[in-house]
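The values are calculated or read from the model by the stated rules, or taken from the named source; none is laboratory data. This one's a predicted model, so the numbers in the text were calculated from it and none came from an experiment. Here the Cβ positions follow ideal geometry from the backbone for every residue, glycine too, while neighbour counts run over all protein chains shown. We work out accessible area using only protein heavy atoms, side chains counted, and drop any ligands, DNA or RNA first. Shrake-Rupley method; radii C 1.70, N 1.55, O 1.52, S 1.80 Å.
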Amino acid sequence: MGSRMKRRASLKLGLGWAAAMLAPAASAQAVAKDGGQAKVLRYALRVAETGFDPAQLSDLYSATIAASLFEAPLQVEFLARPVRYRTNTAAKLPDISADFTTYTFTIKPGIHFADDPAFNGRRRELVAADYVYSLKRHYDPRWKSPSLYFLENAKVIGLSELRREAIEQKKPFDYDRDVEGLRALDRYTFQVRLAQTYPRFEWLLTDASRFGAVAREVVERYGDKMMEHPVGTGPYRLAEWRRASKITLERNPNYREVFYDEEAPADDPRAQAAVKALQGKRLPLVDRVEVSIIEESQPRWLAFLNREHDLVEDVPQEFADMLMPNNELAPNLARQGIQLVRYLRADVHMTLFNMEDPTVGGTTPERVALRRAISLARDIPKEIRLVRKNQAIVAQGAISPNTFGYDPALRTEHALFDLPRAKALLDLHGYVDRDGDGWREQPDGSPLTLVLSTESDQWKRALSEAWQKDMAALGIRMDFRIAQWPENLKASRAGKLQMWLVGWSVSTPDGDGFLQLGYGPNKGQANHSRFDLPAFNALYEKQKRLPDGPERLAAMTEAQRLMVTYAPYKIHVHRTFSDMAHPWVIGYHRNVFVREFWKYVDIDPAKQPDPR
């Protein structure tokens, strides 16, 4: 209690003396290449990155960086609502066959990669073959791509067979083999052919972090160190990387002429102000982006408050009552000109159960009953009030708001807190206290202990405490496995964790990205629970082939209900993020499907304080 009070007092002190910091400060001293004053954007990620190779990364934090280094043929419009895509490196929108099995992309001539020794001093133009090569890399067993499931689920003709051949014959993947499903038709045109209809395939190629173009020369030069050597055509290039500490990006001098050209919704005054201030300016607007890794909430907030950082993404929820009473900006922050941007994420925060674990896994009646009882015993409304400070809504299923497939009228057992029912369910299936020590044993009399993997930051500790209290009330022992997030990710992909408290977000406005969590062939990729139910798999495949409409929505809803019934996940909430930015940040806004938001943000360096 004493340490908690000290932390709260420290935060209050910060808020109190913040007003004294309003005096004009010396401006940042960095110099732009044109001789003027450089514009530097500074902020922090709360979780360490793993690396920046599109074929190998899978976490949101690494993807956030990579999205500004690489480019996909298409991109999501930054401000448009409803969400839509437009061309990026593509010269025009893709040609799509009437049966949604053939997608043809034409790339703009004259786009160049950032300079790199791999190119031996020559400027390297982006061509269609680069996208063919980059997509093939996901099939190469060498890279163990966690994003392979996107393409395999799309049924690109011939590539899964080529991958299988490489595995079975234990030979290198043959990138030069002609494959019917992925070909460069000429220097600037490539085509993807699918074995079955997929009406939304082109949306995958809006995600630069996964499907951005990588040059073959770069991969051949750096090999297994590709995560450390990202070279793309994006607006920024990697200037410095101190692992799990600081990432510095600088403007890519080879980036082509691209200008701020956004359309603001009529009911969004913040977006309208951004368009008024920035329309027609060349992108990117800032010269350098400095990203620190700060895992603990208080130092991350204080770095913003002290004006060491220009914005704070996802204001720590522990402080929400103080910083945003009633979800409005606190008066003392408003007086400083600080901007508040709130937005409902397209995500879920959940606890996964390893379906292959000998304690919590399996689809036998008693194991299903165990997971459902655990789910019923979790008091998520209380978690939202006390831990999340009302910065979330209870999840009824796996599909999030802001995506097709979300049904606001859906009501399921998943959102219920019912401790008596949870106890009765365990009693019925033999999970009872056999030795009188106050803790339940398994039906065969062996000990029952849950092991939840998580991280060590203050917010995760609070969630772990909530878990422990709820399980104690249910009569189940609980232990915790604490590790860094990248370590937990690696272990989870390998199926080595029993339970993991983790978030999941999607990069396109479609609920398919959430149903992928339960699709059997995605084990170890999107499907960390390793759930594999034929009935669910059939529904997943059905909805994937259907166009958007009532029939697809019905299939998606039924798939969600199966996930609730078998409970491979306890979906807690859909989160609301609140970002804050200082007044010298111009045009700050968010689109949950645009990771590379930095290029759309400007800085007034005359008002920005000198970080030294």
| note | Restricting to Cα pairs under 8 Å and 6 or more apart, the percent relative contact order of the chain works out to 20 percent
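Does region 306-459 classify as rounded, prolate or oblate by the C-alpha gyration tensor (a ≥ b ≥ c root eigenvalues; a/c under 1.5 gives rounded; else a/b over b/c gives prolate, otherwise oblate)?
Because a/c hits 1.5 or more and a/b exceeds b/c, region 306-459 counts as prolate.
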| field | Among 279-287, 207-215, 40-48, the order from most to least packed when residues are scored by Cβ within 10 Å on average | value | 207-215, 40-48, 279-287
| Using r as the Cβ-Cβ distance of TYR175 and LYS542, and R0 as 35 Å, what FRET efficiency do you calculate, to the nearest 0.05? | 0.55
| message | Suppose we look only past 21 Å in the calculated P(r) of region 78-139. What percent of the Cα-Cα pairs does that tail hold? | response | 42 percent
| query | Alpha carbon centre of region 120-147 versus region 453-489: separation in Å? | reply | 39 Å
| message | Per 0.36 nm of contour for each residue apart, how much would the distance between GLN272 and ARG385 grow if the chain were fully extended, relative to their Cα-Cα spacing? | response | 37.3 nm
| query | Just how far, in whole angstrom, is region 335-351 from region 160-211 if you go by their alpha carbon centroids? | reply | 37 Å
| field | Calculated FRET efficiency for the pair ARG434/ARG81, C-beta based, R₀ 41 Å, to 0.05 | value | 0.10
| note | The set of residues whose placed amide H lies less than 5 Å from the amide H of ALA44, leaving out same-chain residues fewer than 5 positions away, is SER292, GLU313
| said: So, R0 is 30 Å and r is the distance between the beta-carbons of GLN484 and ARG342; what FRET efficiency does that work out to, to 0.05? | reply: 0.55
| task | Jot down the per residue volume, in cubic angstrom and as a whole number, of the convex hull over the alpha-carbon atoms of region 36-77. | result | 134 Å³
| Share of the chain's accessible area from carbon and sulfur, percent, 1.4 Å? | 51 percent
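Expressed as a fraction of 2.2 N^0.38 Å, the rule-of-thumb size for a compact globular protein of N residues, what is the C-alpha radius of gyration of region 470-612?
The value comes to 1.40.
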| request: About the Cα centre of region 505-612, how large is the charge dipole given +1 on each Lys and Arg Cβ and -1 on each Asp and Glu Cβ? Please answer in debye to the nearest 20. | output: 280 debye
| Using the per-residue mean of other Cβ atoms lying within 10 Å as a proxy for protection, in what order, highest first, do the peptides 219-225, 465-471 fall? | 465-471, 219-225
| query | With a sphere of radius 9 Å drawn around the Cβ of GLY445, what net charge do the other residues whose Cβ falls strictly inside it have (Lys, Arg +1; Asp, Glu -1)? | reply | -2
| field | Percent antiparallel among DSSP beta bridges (both partners in the chain, rounded to 5) | value | 80 percent
| Amide H to amide H, which residues 5 or more places from THR576 or on other chains are under 5 Å from it, using H placed in the peptide plane? | ARG345, ALA392, ILE393
| query | Given the rule -39500 (n - 2.57) for each run of at least 4 DSSP H residues, summed and divided by the residues of the chain, what is its mean residue ellipticity at 222 nm, to the nearest 500 deg cm²/dmol? | reply | -8500 deg cm²/dmol
| task | Would you tally the net charge around GLY520, using a Cβ to Cβ cut-off of less than 13 Å, leaving GLY520 out, and scoring K and R as +1, D and E as -1? | result | -2
| query | By the gyration tensor of its Cα atoms, with a ≥ b ≥ c the square roots of the eigenvalues, what is the shape of region 139-182: rounded for a/c under 1.5, prolate for a/b over b/c, or oblate? | reply | oblate
| request: Describe numerically, in nm with one decimal, the distance between label points set 7 Å from Cα along Cα→Cβ at LYS607 and at ASP418. | output: 5.4 nm
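Calculate, for region 280-398, the solvent-accessible area per residue in square angstrom, rolling a 1.4 angstrom probe over the heavy atoms of the protein chains.
Normalised by residue count, the accessible surface of region 280-398 is 32 Å².
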| request: Indicate the gyration tensor shape class of the chain (rounded, prolate or oblate), computed on the Cα atoms with a ≥ b ≥ c the square roots of the eigenvalues: a/c under 1.5 is rounded; otherwise a/b larger than b/c is prolate and the rest oblate. | output: oblate
| said: I want to verify the translational diffusion coefficient of region 544-612 in µm²/s; compute it with Stokes-Einstein, Rh as the Kirkwood radius over Cα pairs, at 20 °C and 1.002 mPa s. | reply: 127 µm²/s
| message | Taking every pair of distinct Cα atoms and averaging 1/r, then inverting, what Kirkwood hydrodynamic radius in Å comes out for region 572-612? | response | 12.4 Å
